[in-house]
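Novice: Quick one: the structure is below, and I'll ask about it shortly.
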Amino acid sequence: MSNELIINSRPHETRVALVENGVVVELHIERKTGKELVGNIFQGKVVRVLPGMQAAFVDVGLDRTAFLYVSDVYKDFLDIEKIMLANHSADEGIDLHDSDAPHSESFRNVSYQIEDLLREGQNIMVQVAKEPVGNKGARLTSHISIPARHLVLMPTVNHIGISRRIEDREERERLKGIIQEIRPNDLGFIVRTVGESASKEKLKSEMDFLVKLWANIQTKMERRASPGLLHKDLSISLRAIRDLFTREVDRLIIDSKEEYENIMEFIVAFAPKLKYSIQLYEECEPIFDALGFEMEISRALQNKIWLKSGGYIVIELTEALAAVDVNTGSYVGKRNLEETILKTNLEAVKEIAYQLRFRNIGGLIVIDFIDMEKKSNRERVFLALKDALKKDKAKTTILRMSDLGLIEMTRKRTRANLNMLMTEPCFYCEGRGTLKSKRTICYELFRELERECDTDEGVGNVYVFVNPDIDTVLREDEQESVIDLEKRLKKRITIIPKKNFHLEQYEISVYAKL
């Protein structure tokens, strides 16, 4: 089956699904809050230097100060790969052997302290490497990297890199030779995976664009008097084209004509051969409903996931780590206990790898498999997990299973997971559980209105009964979205609060024109 990118775009929210063989393996959501930060470049002002933590707090003009570790200031060549992994999808590797960067041992062994590099009140150009998570502010880096379709500009290092996924040696040498020939002095570039087979003219055109963009950012930095935004990254739809629309993806389908036109404009400029792979979805049924994705998204918010055999896994998230528990459930096997446990664990491995990627769970992860007596079986489960995670673009590190049946692993985290994005602490049970967030409920309501109104052309008025808190969000924060929905559906929407309604409860009543 083909691999596809499916984009559901609305003024209030855009959702991008990467589909492999008919299964959604990645879901990216961007809500129009004005606070999408990763990749944005700011002028920052150092407000506090913390030698004990080897970090600094930096004011970049946001509600909360961001933080900058010494490792993200220190311009050591060996840090380049780590920096790139923090700022871009992990499929863009760097060949550490193909470089013009300095290699002397004295350069590599220099050790700096944060107080040697930064001082309070100092202005510094920084880029957001990680979104704020929980009570933590955004993580910054001073190693700027600006990606385009085929290239990534790294103006702070003198380096040429080729994506590890370009395996042909002759092609790697060809690309390296082109970049050496056409790049300006002292500017670093990485050729991305989609740059394979790109012509010299195409690479030169894109490089000129990136160099001009960098010059513009520098000019803004010089002229700006206070902390604030210098450069904003692309919208999520265009980032999907830039980062996810590779040779492995056969087509892209989007349900917004306006965003379709923006994408086509971008494609014509940077990848004209792909324009025939882009399709506008114009059916009445919402695209995620038509493809069955809404059910999978709802499933991703549940703690318990059932396996086909009758076993199940439980995923619990904390601020510091994610815990995954594997259970046999109703599965009793056919022969002996060890075989039953092994089969459940191996089935759980595939589901765990899928859920980690789909939910974008990062940080420290502890998986409690069912205890197995045989060491060979424990090794089989460990190797199966490593193999299942190979398709995951996020960097993972896995330790072998302990005698207690535990596997500890880490997964690179650059943005909030689905649970953080789509849920909030439950105030009905004083924070012991979660509810869908108010915005998530509003957007579900919008999709339900689209379904209801598409089935009855004669309806003139729509009455929506909601919890008072949802009424407040609809009237204040989402007023423009409601107006847009009325225009598209050609219906008048009246919102009526109901005090006795649960936060997630709503009703829709339709009345014909008088």
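None of the figures in this text is laboratory data; all of them are computed from the coordinates on show. Since the structure is predicted, the reported quantities are computational estimates derived from the model, not experimental observations. A quick note on method: Cβ atoms are made from the backbone with ideal geometry, for glycine too, and the neighbour counts reach across all protein chains shown.
Novice: In the chain, if the dipole is taken from +1 on Lys/Arg beta carbons and -1 on Asp/Glu beta carbons about the Cα centre, which of SER142, LEU153, ALA269 is farthest to the positive end?
Specialist: Result: SER142.
Novice: Please name which of MET221, SER235, LEU210 has its Cα lying farthest along the dipole of the stretch 203-256 towards the positive end, using unit charges on Cβ (Lys, Arg +1; Asp, Glu -1) and the Cα centre as origin.
Specialist: Looking along the dipole axis, the top candidate is MET221.
Novice: On a straight-distance basis, which lysines could pair with LYS436 in a cross-link, Cα separation under 19 angstrom, same-chain partners fewer than 8 positions away excluded?
Specialist: Those lysines meeting the cut-off are LYS32, LYS304, LYS498, LYS499.
Novice: Another question, if that's okay. Report the one residue of PHE358, LEU317, GLY22 whose Cα lies farthest in the direction of the positive end of the charge dipole of the chain (charges on C-beta: Lys and Arg +1, Asp and Glu -1; origin at the Cα centre).
Specialist: LEU317
Novice: Note down, for the chain, the three equivalent ellipsoid semi-axes (square root of 5 times each alpha carbon gyration tensor eigenvalue), biggest first, whole angstrom. Could you put the intermediate results ahead of the total?
Specialist: Working: eigenvalues 296, 207, 128 Å².
Its equivalent ellipsoid spans semi-axes of 38, 32, 25 Å.
Novice: Contact order normalised by length for the chain, with contacts defined as Cα pairs under 8 Å and 6 or more residues apart; what percent is it? Write out the running numbers ahead of the final one.
Specialist: Numbers: 894 pairs, mean separation 64.7, N = 514.
Normalised by residue count, the contact order of the chain is 13 percent.
Novice: In debye, nearest 20: dipole of the chain around its Cα centre with unit charges on the Cβ of K, R (+) and D, E (-)? Before the final figure, lay out each step's value.
Specialist: Values: 77 positive and 83 negative charges, 104 e Å.
Rounded to the nearest 20 debye, it is 500 debye.
Novice: Excluding same-chain residues fewer than 8 positions from LYS491, which aspartates and glutamates have a Cα within less than 16 Å of its Cα?
Specialist: Cross-link targets: GLU448, GLU450, GLU452, ASP454, ASP456, GLU457, GLU480.
Novice: Summing Lys, Arg as +1 and Asp, Glu as -1, what charge do residues with Cβ under 13 Å from the Cβ of VAL25 carry, VAL25 excluded? Write down the numbers at each step before the final one.
Specialist: Working: positive: LYS350, ARG357, ARG359, LYS390, LYS391, LYS393; negative: GLU4, GLU20, GLU26, GLU248, GLU296, GLU351, ASP392.
Taking every Cβ under 13 Å from that of VAL25, the sum is -1.
Novice: Against the globular-protein guess of 2.2 N^0.38 Å, express the Cα radius of gyration of the stretch 206-245 as a ratio, rounded to two decimals. Don't jump to the answer; show the numbers that get you there.
Specialist: Numbers: Rg = 12.9 Å, N = 40, 2.2 N^0.38 = 8.9 Å.
Against the compact-globule rule of thumb, the ratio is 1.45.
Novice: Report, ordered by chain and residue number, the lysines lying within cross-link reach of LYS212, taken as a straight Cα distance under 17 Å and ignoring same-chain residues fewer than 8 apart.
Specialist: Cross-link targets: LYS202, LYS204, LYS220, LYS232.
Novice: What is the Cα centroid distance between the stretch 318-358 and the stretch 122-194, reported in whole angstrom?
Specialist: Result: 38 Å between the Cα centres.
Novice: Please label the shape of the stretch 199-280 as rounded, prolate or oblate, based on the square roots a ≥ b ≥ c of the eigenvalues of the alpha-carbon gyration tensor (a/c under 1.5 means rounded; beyond that, a/b larger than b/c means prolate, else oblate). Please list the in-between numbers first.
Specialist: On the way: a/c = 2.98, a/b = 1.67, b/c = 1.79.
It is oblate, given that a/c is not under 1.5 and a/b is not larger than b/c.
Novice: Nothing charged except the Cβ atoms of Lys and Arg (+1) and of Asp and Glu (-1): what's the magnitude of the dipole of the stretch 298-340 about its Cα centre? Round to the nearest 20 debye. Before the final figure, lay out the partial values.
Specialist: Values: 5 positive and 5 negative charges, 66 e Å.
It comes to approximately 320 debye.
Novice: With +1 on each Lys and Arg Cβ and -1 on each Asp and Glu Cβ, and nothing else charged, work out how big the dipole of the stretch 396-514 is about its Cα centre, in Debye to the nearest 20. Intermediate results must be reported in sequence, preceding the final value.
Specialist: Values: 20 positive and 21 negative charges, 67 e Å.
My answer is approximately 320 debye.
Novice: For the stretch 260-304, state which GluC sites (Glu not before Pro) are in a DSSP loop and have at most 11 other beta carbons lying within 10 Å of their beta carbon. Before the final figure, lay out each step's value.
Specialist: Working: sites: GLU261, GLU265, GLU282, GLU283, GLU294, GLU296; in loops: GLU282, GLU283.
Qualifying residues, ordered by number: GLU282, GLU283.
Novice: Now for a separate question. Explain nothing, just compute: Karplus ³J(HN,Hα) = 6.51 cos²θ - 1.76 cosθ + 1.60, θ = phi - 60°, for every residue of the stretch 314-326 in order, whole Hz, x for Gly and Pro.
Specialist: 10, 10, 10, 9, 10, 5, 8, 7, 10, 10, 10, 10, 9
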